[in-house]
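Each remark here refers to the structure printed beneath this line.
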């Protein structure tokens with residue numbers, strides 16, 4: 001009798017999986033630059049049983065629809081490492097310490113400390129092309145590992161997952177999603193949190209036709225550069241001619257790089273909500289962070305003007321190009337750093353700017369809503385011709401999305 005019961009249970013489980021395989025599908029379609037992405041297409045869905053199967057599916061050369069119906073915990077899977085790092089923001093409670101990732105990042109004028117970190121979290125999984133990665137309801141959680149889309153990876157959909165716990169106590173502890181030399185990628189309804197470094201990072205090799213939509217970029221953390229629970233390392237864009245649509249995303253509890261718009265990135269932010277609460281950072285901490293980042297990564301970080309720095313949203317250098325429309329900036333102390341060196345357009349209401357939007361986007365631009373935040377009045381249209389030939393996302397009035405985006409963005413919230 002027991003063997004019959006076991007067999008029956010097994011058959012029931014297999015039948016349930018078969019039903020799921022027939023019904024699992026991507027919700028909606030990519031808007032903006034990644035329009036037309038198909039991912040794994042109509043490949044038979046696979047359900048990885050453990051982290052080894054997951055890595056095998058994600059790195060394969062075959063089209064795959066990879067369904068995540070459980071938590072995949074990579075912590076400890078590649079061991080831990082203990083070495084000498086540094087304490088750039090003091091050793092006080094809540095301050096991030098740093099892994100000396102390059103061998104020279106920790107300078108001699110700051111305290112050395114012993115750091116022990118999880119190795120798996122420091123390097124993401126290299127995704128193969130033609131992949132759909134989709135979470136089931138609120139079960140697709142990846143702990144201790146991010147994803148990398150580099151060296152020609154293309155046609156990838158990532159939807160409804162969470163990436164969390166990448167050595168949050170350490171700078172250089174891990175990036176959630178890395179792009180460099182990628183094409184046609186759609187990241188949708190993804191939550192990223194508790195990271196050592198960036199939520200999204202784009203390297204210098206061009207990444208084209210990228211759409212980031214409906215994502216929850218959660219900066220709330222127990223360890224930060226400001227020692228204050230606000231994550232600094234958020235969205236780093238240093239690519240050459242990158243093309244990124246950023247729609248319906250919720251960015252909150254961060255202290256900067258939201259985004260850091262550098263390189264020659266074309267960044268179209270639409271109907272996204274950026275919200276911060278006032279934070280405090282000492283001049284000394286801000287100065288150290290700014291000096292190190294400029295020296296080591298050739299991009300602007302914190303701007304130090306006085307004793308307190310209450311956080312900022314947009315920063316960057318060189319030739320970054322950002323069009324922001326229909327967005328909500330709420331409680332942002334400094335919307336744009338004063339010495340931003342790139343090109344920004346934040347949708348004015350003059351006839352000239354309206355005409356530029358119509359000419360290059362095929363429609364009028366939508367104005368932003370700025371609430372309890374510094375002014376955001378930028379009217380540089382010199383880069384608008386770079387939208388030629390690209391699919392442009394639609395834009396709604398910010399009043400219609402200021403509440404719905406925070407409540408619907410991220411993992412576990414697909415309609």
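The values are calculated or read from the model by the stated rules, or taken from the named source; none is laboratory data. Nothing here was measured: the structure is a model prediction, and the numbers come from that model. All Cβ positions, glycine included, derive from the backbone under ideal geometry; neighbour counts span all protein chains shown.
Listed by first and then second residue, the pairs linking a residue in segment 368-394 that is in contact (Cβ under 8 Å) with a residue 12 or more places away in the chain and at positive phi to a residue that is surrounded by 13 or more Cβ atoms within 10 Å (Cβ to Cβ) and in a loop (DSSP other than H, G, I, E, B), with Cβ atoms under 9 Å apart and 6 or more places separating them unless they lie on different chains, are 372/331; 372/332. Going through 90, 102 one at a time, which residue ends up being within 25 Å of residue 206 (Cα to Cα), part of a loop (DSSP other than H, G, I, E, B) and at pLDDT below 95? Unique residue meeting the criteria: 102.
Being touching a strand residue (DSSP E or B) at 6+ places or on another chain (Cβ under 7 Å) and not in a strand (DSSP E or B) is the filter here, so list the residues in segment 151-175 that pass it.
160, 161, 167, 168, 169, 172, 173, 174, 175
Across segment 212-260, the number of residues qualifying as within 13 Å of the chain's Cα centre (by Cα), farther than 28 Å from residue 414 by Cβ and assigned to a strand (DSSP E or B) comes to 1.
Report yes if residue 178 is assigned to a strand (DSSP E or B), within 16 Å of the chain's Cα centre (by Cα) and touching a residue at least 40 places away in the same chain (Cβ under 8 Å), otherwise no. Here the answer is yes, as residue 178 does meet what is asked. Of the residues 293, 283, the single one that is at pLDDT below 50 and surrounded by fewer than 16 Cβ atoms within 10 Å (Cβ to Cβ) is 283.
For (1) touching a residue at least 40 places away in the same chain (Cβ under 8 Å); (2) crowded, with 24+ Cβ neighbours inside 10 Å, each residue gets a yes or a no:
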| site | (1), (2) |
| --- | --- |
| 185 | yes, yes |
| 190 | yes, yes |
| 197 | no, yes |
| 210 | yes, yes |
| 231 | no, yes |
| 273 | yes, no |
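If you go through segment 30-74 and keep only what is under 21 Å from residue 245 (Cα atoms) and loosely packed, with under 14 Cβ neighbours inside 10 Å, you end up with just 36.
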